[in-house]
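FYI, it's all coordinate maths here, none of it is from the lab. In this text, all values refer to a predicted model and were calculated from it rather than measured experimentally. Don't worry about glycine lacking a Cβ; one is built from the backbone with ideal geometry, like all the others, and counts go over all protein chains shown.
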């Protein structure tokens, strides 16, 4: 079906992709398409995941991230394209013949087996010697800090403990690639933050490749070495969390990751990377990673928290429309030039700025914090 | 810490005054029904088994003669043993046939599934007697099967051993009661989370291993429930062996029926009934000790 040779580094990922250049490849996905009946859920996805990398597929629900993960695990077959694990084409291999293990969204612990037998399941069906099994299960349970729970049934465990059993059950098989399908979705925030740490620690200890699916951008940023942002069956941008956050390529990424003001306007001046954009009468000084022509229409993205009180390279005067106290910052919704709105998060540092709704205000940001979106 | 919570729970349990759960009154109609149609007839039956039947009717004179008669004549015990054997064998046969059917039904999807389940149910809208009787025009000397065999030239003369033996009784019983096996197994398989099968595959289990280690154990509640139902029903059956069994495959139900209907010895019939009931309850009790009564009847999981 696909005759093109497997490219080790997909072209669009190359510039911002130091990881895959230095690491051997664990998972190679080459121009993968997937349709269910008339709906196409993946439209030519290519990505290379390095060995030992913590890689996240981030996107809204229905973007195809879970389908992609399930294809790596062998639960769905691509309609077209190639999936390689450790250099081998795994097309047609069932899940039980792949060096991958999945942690399912609903965990899918075996309800009729206790913790020990749940964790031992993979080793038993692969006919490991009995003595080995006991030792390995013990080790895996120690890794997820569940010693002493061997004889509990899954319904006698808390959400966090079940989570750990699911992890132990997967890692005990020493998979080359561990697939995680939003496994933390059901946990409350405190527990989730704790599991983020735990997963990072596990991944560092084991050195396996982790492929993590999530719709939670803060989760993806906190844990990942690299993130692929997906939307509508396509990968929009691949990069480190810093790159994704600081240099979003598109409107979608800028809005999906973090909180962002978008200013649409026309370029009125360009000197190298420093450009001035006229947004309905308000001049905005911004940074353009790629050269832009005068007169072209562009969008400038500015993070809420990069906007401060007082004059900067760009200064906008308006009136406070809404004020929300967030703890570390005060969020101000500011109305300017007739009916336009922008949002600024002003750090409080222990002193809450005394700004009330309805008062006039001047806020500003520097060109380094105002990015011209490239696509 | 766990110990403290457990102690607290126990303490609060003991401290709580004994009160009826709200809604406890709702079971009264069901309880009445049970007493009226279950307990009262059983008591009557028990009393009658200790009386004496004469040609003038029942004499209410307490004695153990009926039981003495039954236990001194080994015909009754032989038939009882044969009944248990036939009931057990029909249960096993039903299980063997039902499991694949239930599995097939549970793995079907959407409209096809609805249609298939309906098809399985369809014969059960007909009376039990008719479903037993229907084998006569099918398997008799002039029956459908013989006609076809003759027409095809497979045999020269009609085969007459199709009917009136133990085999025909199995056929009839399995056909009549299989739904009680298929349904609970189907329900427990249908309830099985497909993600568990995926998880097993993911952990390296081949389809056969997944079946043995995940699907089968998780459908055991349905299997137990089905086996209990079919065994209980088959123990008390008398229409099917009467129609299809012939003289060699008499079951306990037939003996009881003949005491009431032809010999007019109600007291002996009552004593035979009591023995059957006690035996079946005994089997149920043993099975309940092993698996829990609730699981046997509800197919309730874990």
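At 222 nm, what value in deg cm²/dmol follows for chain A if DSSP H runs of at least 4 each add -39500 (n - 2.57) and the sum is divided by all its residues, to the nearest 500?
Taken over chain A, the calculation gives -7000 deg cm²/dmol.
To test your reading of the geometry: what angle, between 0 and 90 degrees and rounded to tens, separates the Cα axis of helix A:189-206 from the longest principal axis of chain A?
Roughly 60 degrees, rounded to the nearest 10.
Beta carbons within 10 angstrom, averaged per residue: use that to sort the peptides A:60-68, A:331-339, highest first.
Ranking, from highest mean packing down: A:60-68, A:331-339.
Applying a 10 Å radius around every beta-carbon, put A:272-284, B:125-137, A:345-357, A:241-253 in order of their mean neighbour count, most first.
For the peptides A:272-284, B:125-137, A:345-357, A:241-253, the packing ranking is A:241-253, A:272-284, B:125-137, A:345-357.
Please check: in the Gaussian network model of chain B (C-alpha springs, under 10 Å), which one of B:239, B:148, B:278 has the largest mean-square fluctuation.
Result for chain B, Cα springs under 10 Å: B:148 fluctuates most.
Rounded, prolate or oblate: which fits the range B:33-89 when a ≥ b ≥ c are the square roots of the eigenvalues of the alpha-carbon gyration tensor, with rounded for a/c under 1.5 and prolate only if a/b beats b/c?
The shape class here is oblate.
What does the C-alpha gyration tensor say about the overall shape of the range B:143-302? Classify as rounded when a/c is under 1.5, otherwise prolate if a/b is larger than b/c, or oblate.
Oblate shape, in that a/c is at least 1.5 and b/c is the bigger or equal ratio.
Find how many whole Å separate the alpha carbon centroid of the range B:191-227 from the alpha carbon centroid of the range A:344-365.
60 Å
Please state the shape class of chain B: rounded when a/c is under 1.5, otherwise prolate if a/b exceeds b/c and oblate if not, all from the C-alpha gyration tensor.
Oblate, since a/c reaches 1.5 and b/c is not below a/b.
If you wrap the protein assembly as shown's Cα atoms in a convex hull and average its projection over all directions, what's the area in nm²?
So the mean shadow area of the Cα hull is 48.8 nm².
How much FRET efficiency would the formula 1/(1 + (r/R0)^6) give for residue A:153 and residue B:290, where r is the Cβ-Cβ distance and R0 is 22 Å, rounded to 0.05?
Plugging the Cβ-Cβ distance into 1/(1 + (r/R0)^6) gives 0.70.
Which whole number gives the average count of other chain Cβ atoms within 10 Å of the Cβ atoms across peptide B:202-215?
Mean number of neighbouring Cβ atoms from other chains: 6.
Could you tell me the center-to-center distance, by alpha carbons, between the range A:152-228 and the range A:31-65 in angstrom?
19 Å
May I ask for the angle, rounded to the nearest 10°, between helix A:115-125 and the longest principal axis of chain A, with both axes built from Cα atoms and the value confined to 0 to 90°?
70 degrees
Restricting the count to DSSP beta bridges whose residues both fall in the protein assembly as shown, what percent are antiparallel, rounded to a multiple of 5?
80 percent
For chain A, take the longest principal axis of its alpha carbons; what is the angle in degrees between that and the long axis of helix A:130-143, to the nearest 10 within 0 to 90?
20 degrees
Taking the Cα centre of each part, how many Å lie between the range B:250-302 and the range B:51-108?
6 Å
Taking springs between alpha-carbon atoms closer than 10 angstrom, which of A:129, A:183, A:78 fluctuates most in the Gaussian network model of chain A?
Per the Cα network of chain A with a 10 Å cutoff, A:129 tops the list.
For peptide A:71-77, compute the average count of partner chain beta-carbon atoms within 10 Å of each residue's beta-carbon.
1
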